[in-house]
1. On the basis of being within 22 Å of Leu126 (Cα to Cα), within 16 Å of the ligand (Cβ to nearest atom) and of a type outside the set (A, V, I, L, M), does Gly487 make the cut?
2. Examine the range 430-441 for a residue that is within 16 Å of the ligand (Cβ to nearest atom), touching a residue at least 12 places away in the same chain (Cβ under 8 Å) and open to solvent by 10 Å² or more (accessible area, probe 1.4 Å), and state whether such a residue exists.
3. Can you name every one of the strands (runs of 3 or more DSSP E) wholly within the range 237-322 that holds 2 or more residues which are over 30 Å from Thr36 (Cβ atoms)?
4. Any residue that is closer than 29 Å to Ile434 by Cα and open to solvent by 20 Å² or more (accessible area, probe 1.4 Å) - is there at least one of those in the range 310-324?
5. For the range 372-385, how many residues meet the condition of being among the polar types (S, T, N, Q), under 23 Å from the mean Cα position of the chain (by Cα) and either assigned to a helix (DSSP H, G or I) or farther than 24 Å from Tyr161 by Cβ (or both)?
6. Checking the structure you have, find out if any residue of the range 281-289 is farther than 22 Å from Tyr249 by Cβ and either aliphatic (A, V, I, L, M) or open to solvent by less than 60 Å² (accessible area, probe 1.4 Å) (or both).
7. Which of the residues belonging to the range 22-51 are of a type outside the set (Phe, Trp, Tyr), outside any loop (DSSP other than H, G, I, E, B) and open to solvent by less than 30 Å² (accessible area, probe 1.4 Å)?
8. Condition (residue is away from the ligand (no atom under 15 Å from the Cβ), open to solvent by 10 Å² or more (accessible area, probe 1.4 Å) and not in a helix (DSSP H, G or I)) applied to the range 185-195: is it met by at least one residue?
Amino acid sequence: MLTGAGLGPSRTLARDPFTLGIASGDPSGDGVVLWTRLALDPLGLNGRGGMPVRDVEVQWQLATDERFATVVRRGTETARWKRAHSVHVELEGLEPGREYFYRFRAEGHLSPVGRTRTAPAALSPLTFAVAACAHYEHGYYTAYRRLAEQEPDLVVHLGDYIYEYAPRGYTAPGGSVRRHTWGKCATLADYRMRHAQYKSDADLQAAHAVAPWLVAFDDHEIENNWAGDVSSTGAPSFARRRANAFQAYYENMPLRRSSVPGGTSMRVHRRVDWGPLARFHLLDTRQFRDDQACEDGIRAGCDDRLDSGRTLLGEDQRGWLLDGLARSDARWNLVGQQILMAQRDAKAGPGTEVNMDSWDGYAAERTRLLTGFRDSGAANPVVLTGDAHMHHAADLKLDFDDPDSPRVAVELVTSSIASDGDGYRDEARVAETIAENPHISYLDQRRGYLVCRLDTEELRADFRTLDYISRRGAPAKTGARFTIPAGQSALT
Ligand SMILES: [Fe+2]
């Protein structure tokens, strides 16, 4: 019998290529995206994950049971080496409101099994988790593990999924427990390798395997505090770097074809409907914004931040959002975005100091947006936020300085999964910040995530906290629980 010996490279992968796990995302009433990326060695040379320079055929299966006794769909996709051997399977024609299980096979190797689901057609309760900010060096991903153990129906990730810094380029107060891949990310290979390093974490893989995710990037998937075409470091060829970062982001996330980057642009603002119960409006607060006012940073006395000509969302996205709110029949309108929307004055006593990178740096557009929330008539707007590395619960008001100004929405800010290390609880500082900002009713500087349970009557938000991440195994506790009764736009 003839064999392939001597006829070129082996056509069999020698080891398990599913070292980066599996994922699913962007569910609709009849579909969802299945994802995997093959890597024999996640940190392999040139971002190729130790894979051969050839395409690999990948089979996938979707079943209604965990043991794959009832396979309802199957197919084959090509994991192209030019796309870092990533695979995106965009399914349609599935049944609404159903749980499904999926897995992949490549050249004799079987992937782990993932659980996913389609959005329901009818009103039914939803449990979703919210996460952000997972600096790999700053601590273990116990918070992702605890999130997975709660088995939410859906996970919303609001950015800083990776950090672009070189090893020890941004250190946490308590030091580092792990080390980034070499160098600050700049090339496509750098970003691919960094994503692979993060994805090789077992706790993160568990969180992906438990439910479909909705993802949107913030700054660190590209570079700290970038704004539109402007790099915060002023380094040349930012456009090239941004294109590399977008390409790697798409390759590593369970996104639909509508998010395939076109060079230096990429569409991540989108709507995801969860039947008549909820509409998620996911925003991009980086790509279309004007540069930060007054040289960025936390500043007092910056009049430019109030300039009505400044934009954070860009006119098109703002119009798209307000239109989507006005047309929404959903019981809850959940606006997933990155940066703190509530005003936060960091200076105790007279005077104001605010963060130029957050909505405080784009105050006129915030007022326009919140006025638009009110005028849209959309039911129960709730803003979900990341970035701050601190849990917050706040009321969003048309005028934060006027105690009588109406509340138009609630903001729930999730702390970081890992960024800034163990965290702490400083009651005096919390009391001071809340006294200065009475529309903020809760703050916690520990690590964690949010779990929200939503039905027609109320949204119940559990702020989950962990006391440490510098060692493995911390339990998660509920640091605070808020309920937002439907129709009230207020925290209780
Ligand atoms: Fe962050």
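1. Taking the combined requirement at face value, the residue does not satisfy it.
2. no
3. 298-300
4. Taking every residue of the range 310-324 in turn, at least one turns out to be closer than 29 Å to Ile434 by Cα and open to solvent by 20 Å² or more (accessible area, probe 1.4 Å).
5. Final tally of qualifying residues: 1.
6. There is no residue in the range 281-289 that is farther than 22 Å from Tyr249 by Cβ and either aliphatic (A, V, I, L, M) or open to solvent by less than 60 Å² (accessible area, probe 1.4 Å) (or both).
7. Correct list: Ile22, Ala23, Ser24, Gly25, Val33, Leu34, Thr36, Arg37, Ala39, Gly47.
8. For the range 185-195, residues away from the ligand (no atom under 15 Å from the Cβ), open to solvent by 10 Å² or more (accessible area, probe 1.4 Å) and not in a helix (DSSP H, G or I): present.
The values are calculated or read from the model by the stated rules, or taken from the named source; none is laboratory data. Since this is a predicted model, take the numbers as computed values, not measurements. Quick reminder, even Gly has a Cβ in these numbers, built from the backbone with ideal geometry, and neighbours come from all protein chains shown. All accessible areas refer to the heavy atoms of the entire protein, side chains included, with ligands and DNA or RNA removed. Shrake-Rupley method; radii C 1.70, N 1.55, O 1.52, S 1.80 Å.
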